[in-house]
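Participant: Below you will find the structure I want to go over with you.
The values are calculated or read from the model by the stated rules, or taken from the named source; none is laboratory data. This is a predicted model, so every value here is computed, not measured. Note: ideal-geometry Cβ built from the backbone for every residue, glycine included; neighbour counts use all protein chains shown. Side chains are part of the model used for accessible areas, which takes the heavy atoms of the whole protein and leaves out ligands, DNA and RNA. Shrake-Rupley method; radii C 1.70, N 1.55, O 1.52, S 1.80 Å.
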Amino acid sequence: MEGTPIAVESVFDRLSGWDGSAAQEEERGLDAVLSPTLLDRFRHSHKELSEAGLEVELTVEKFNADAVVKDIWLTMGPSRLITSTLMSGPVLRRYSPLKLTKRLTDDYLLYREATFEYILARSAVPEWESSPPALKTRLEGRKKGQRVAFDMMVDVTLRVVLKTKSGEVVKRKKMKRPLNVRLETDHFKELFDVPMRVADIDYALQSERVASEGRPSPDE
């Protein structure tokens, strides 16, 4: 996707020098470029740096190749229940390596088939304990809208500088490496013309989710 380099540069630029405070968060517009869950992770880590008298600068010096789409995820269902394409929950039933049902709430289940996820009322899928939800039932969930996510990989030359708040450089590192980024839309029903945010970087959140499901990490 052509927008991947722009998203990556925007995120790193806004994160650079951030002390984790709410005032700087609002000033930098971090909620416009990061999903709530990923923003919370960065908020915690940047507050820890600030309390230690440190800050970090992240600079993409060069994109070495075009971004490549690795996976496309769709999570379908009502907007009030779909907070992300990386929702976790205990696995209730695994039908095959690519098909499972998870508990989302007391009344709702998340059924996944490969990279397609459906939020379904437990009462609508009485068969879930023995077999996957019927196609007709899944299509009903699709009518309520969806979030879409793109797992992208782009090769970058990245410079990371850790320094004190007075400007003294503690550590500097330059690296050429693949960067894995998940771009995620807001919930929508019809028109695919909605904002996108960075929802994960280098499988940080996705690795936690798949580990909880008893599967290998996506970067293994």
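Participant: As an exercise, use a Förster radius of 22 Å and the Cβ-Cβ distance of residue 113 and residue 70 to find the FRET efficiency, rounded to the nearest 0.05.
Facilitator: Numbers: r = 18 Å, r/R0 = 0.82.
Here the calculated transfer efficiency is 0.75.
Participant: Ok, one more. Show 153, 87 ordered by accessible area, largest first, where the area counts protein heavy atoms only and the probe is 1.4 Å. Spell out each step's value before the answer.
Facilitator: Numbers: 153 60, 87 20 Å².
Ranked from most to least accessible, the order is 153, 87.
Participant: Hey, what do the phi angles of segment 96-102 turn into as Karplus ³J(HN,Hα) couplings, whole Hz, using 6.51/-1.76/1.60 and θ = phi - 60°, x for Gly and Pro?
Facilitator: So the Karplus estimates, Gly and Pro as x, are 6, x, 10, 10, 7, 10, 10 Hz.
Participant: For residue 88, what accessible surface area do you get with a 1.4 Å probe? Give it in Å², rounded to 10.
Facilitator: The value for residue 88 is about 80 Å².
Participant: Between (i) 62, 35, 35; (ii) 153, 37, 35; (iii) 103, 97, 31, which matches Cα extents along the principal axes in Å calculated for the structure shown?
Facilitator: From the options (i) 62, 35, 35; (ii) 153, 37, 35; (iii) 103, 97, 31, the structure gives (i).
Participant: Can you list residues whose amide H is under 5 Å from residue 92's amide H, if they're 5+ apart or on another chain and H is modeled 1.01 Å from N?
Facilitator: It is 101, 102, 103, by chain and number.
Participant: How high is the relative contact order of the chain, given as a whole-number percent (alpha carbon pairs under 8 Å, six or more residues apart)?
Facilitator: 22
Participant: Quick query: amide H of residue 156 versus all other amide H atoms, modeled in the peptide plane; which residues come in under 5 Å with a sequence gap of 5 or more or a different chain?
Facilitator: Counting only residues 5 or more places away or on other chains, the set is 64, 177, 179.
Participant: For 151, 31, what's the largest-to-smallest order of accessible area, 1.4 Å probe?
Facilitator: Numbers: 151 10, 31 95 Å².
Of 151, 31, the descending order of accessible area is 31, 151.
Participant: Turning to a different aspect of this structure: Could you derive backbone 3J(HN,Hα) for segment 10-25 from the dihedral phi with the Karplus parameters 6.51, -1.76 and 1.60 (θ = phi - 60°), listing whole Hz in sequence and x where the residue is Gly or Pro?
Facilitator: Karplus-based 3J(HN,Hα) across segment 10-25 equals 5, 5, 5, 5, 6, 6, 4, x, 5, 8, x, 7, 5, 5, 5, 4 Hz.
Participant: Skipping prolines and chain starts, which residues have an amide H placed within reach, meaning under 5 Å, of the one on residue 18, given they are 5 or more residues away or on another chain?
Facilitator: 56
Participant: Something else: Using a 1.4 angstrom probe, figure out how much accessible area the chain has per residue, in square angstrom, rounded to the nearest whole.
Facilitator: Values: 11730 Å² over 220 residues.
Counting only protein heavy atoms, the per-residue value for the chain is 53 Å².
Participant: Now for a separate question. Going 7 Å from the Cα of residue 166 toward and past its Cβ, which residues in segment 35-61 have a backbone nitrogen under 18 Å from where you end up?
Facilitator: Backbone N within reach: 50-56.
Participant: Hey, another quick one. Which lysines have a Cα less than 20 Å from the Cα of residue 143, not counting those fewer than 8 places away in the same chain?
Facilitator: 189
Participant: I would also like to ask the following. Would you calculate the separation in nanometres between label points at residue 186 and residue 103, each defined as 7 Å from the Cα along the Cα-to-beta-carbon direction?
Facilitator: Spacing of the two 7 Å Cα→Cβ label points: 3.3 nm.
Participant: On to the next question. Karplus couplings for segment 61-76 from phi (6.51 cos²θ - 1.76 cosθ + 1.60, θ = phi - 60°), rounded to Hz, Gly and Pro as x?
Facilitator: 7, 6, 9, 8, 7, 5, 5, 10, 7, 9, 8, 10, 10, 10, 10, 10
Participant: Might you report the magnitude of the Cβ-based charge dipole of segment 90-174 about its Cα centre, with Lys and Arg at +1 and Asp and Glu at -1, to the nearest 20 debye? Walk me through the intermediate numbers first.
Facilitator: Working: 20 positive and 10 negative charges, 121 e Å.
Roughly 580 debye, rounded to the nearest 20.
Participant: So, one more: If you roll a 1.4 angstrom probe over the protein chains with everything in place, what fraction of the accessible area of segment 76-173 belongs to carbon and sulfur, to the nearest %? Write out the running numbers ahead of the final one.
Facilitator: Details: 2670 of 5020 Å².
Carbon-and-sulfur percentage of accessible area, whole number: 53.
Participant: Continuing with this model, one more query. Starting from the Cα of residue 62, draw a straight line to each of the lysines and keep only those under 18 Å, dropping any in the same chain fewer than 8 residues away.
Facilitator: Straight-distance partners of residue 62: 173, 174, 176.
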